[in-house]
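The values are calculated or read from the model by the stated rules, or taken from the named source; none is laboratory data. Remember, it's a predicted structure, so these values are computed and weren't measured experimentally. All Cβ positions, glycine included, derive from the backbone under ideal geometry; neighbour counts span all protein chains shown.
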Amino acid sequence: MKTTTLKTAIFGLVGAGLITLTTLYLVKEAEEPNLIVVSKDKVVKLGDLTTWENQNRNFYHSDNTGAGIACEDNVILDLNKLSSTDGKLVGKWLKDNSKYICFEDSYKHIEQAHIVTNTVFINNIETETNRRLITYDDLKSMANFSIRILSPNENFDSIGYEGYLNFFTILGSSPRFVYDLNQIDEGSYSIPFFRSIKKRIEKELNITINDRELEFTFVKTKNPEGKAVVAFKVEFNNATETFNEYYNFSTDPGKPWSYKFL
């Protein structure tokens, strides 16, 4: 992943003993698209296809392959064409169109948008001693507790872009995840992103993952420019297979590579 700028911010709530970890922001090169896959079949069933196409045709990706793996009649959109600077606008589009998205065909694009490849950055993640480890099962459990308060019929495995997770710690404890239906640009990120990581590993290794074997190590470290950031490493290990990857995660879910200060 090419990057031009890396910035971060941490907002402390000292009196309440909370620190919201506002995570790594990446500014992507302009030529790198922000892809999402929409199923026209879902639009037909849940909306009006002609109206939807008229509203979104300008955002179609140039490499639009049509049929996907999970959905037959797909259209691939580059949300960079909607806005390359306004994450709130893209976040609103994702929320408004979440019911039309073919997530199974979108996961590879979602996951790729967050990968860290810079070797200096990866070394910083590996050597940082200030780290916190949870499993995928922990993540789901904490997230589901919050989701069900606001959306009783939804859970980590089914929710789309209707709401986002906020990440924070309490006096050095394990990460807590609070589901928020309204806050989509500060301290928040999407559940489909975490699902996309698991989907990639299961496809790549051709296995079904035990959720307790998939580990996320969250790290407060420095990016190659020396700025304080939060990133994470994902590891999967069983008797025969291993997987390692490094990611940023975004506080601006509509535009994972954007940056700003709170």
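Counting only residues that are under 28 Å from residue 88 (Cβ atoms) and at pLDDT below 75, give me the strands (runs of 3 or more DSSP E) lying completely in segment 187-262 with at least 2 of them. Quick ask: steps written out before the conclusion?
Working: elements: 214-222, 228-237, 242-247.
Qualifying strands (runs of 3 or more DSSP E): 228-237.
Working carefully through the options 6, 94, 77, 82, find the one that is under 20 Å from the mean Cα position of the chain (by Cα), surrounded by 17 or more Cβ atoms within 10 Å (Cβ to Cβ), assigned to a strand (DSSP E or B) and at pLDDT 85 or above.
Checking each option against the conditions leaves just 77.
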Taking into account only those residues within segment 106-153 that are among the charged types (D, E, K, R) and at pLDDT 90 or above, which is farthest from residue 220 (Cα to Cα)? 108
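Could we say that residue 110 is of a type outside the set (Asp, Glu), assigned to a helix (DSSP H, G or I), within 20 Å of the chain's Cα centre (by Cα) and within 23 Å of residue 195 (Cα to Cα) here? Steps first, answer last, please.
Working: of a type outside the set (Asp, Glu): yes; assigned to a helix (DSSP H, G or I): yes; within 20 Å of the chain's Cα centre (by Cα): yes; within 23 Å of residue 195 (Cα to Cα): yes.
Yes: the conditions hold for residue 110.
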Need pairs with beta-carbon distance below 8 Å; first residue touching a residue at least 60 places away in the same chain (Cβ under 8 Å) and within segment 138-157, second acidic (Asp, Glu) and surrounded by fewer than 20 Cβ atoms within 10 Å (Cβ to Cβ); sequence gap 6+ or separate chains. 140/157; 140/211
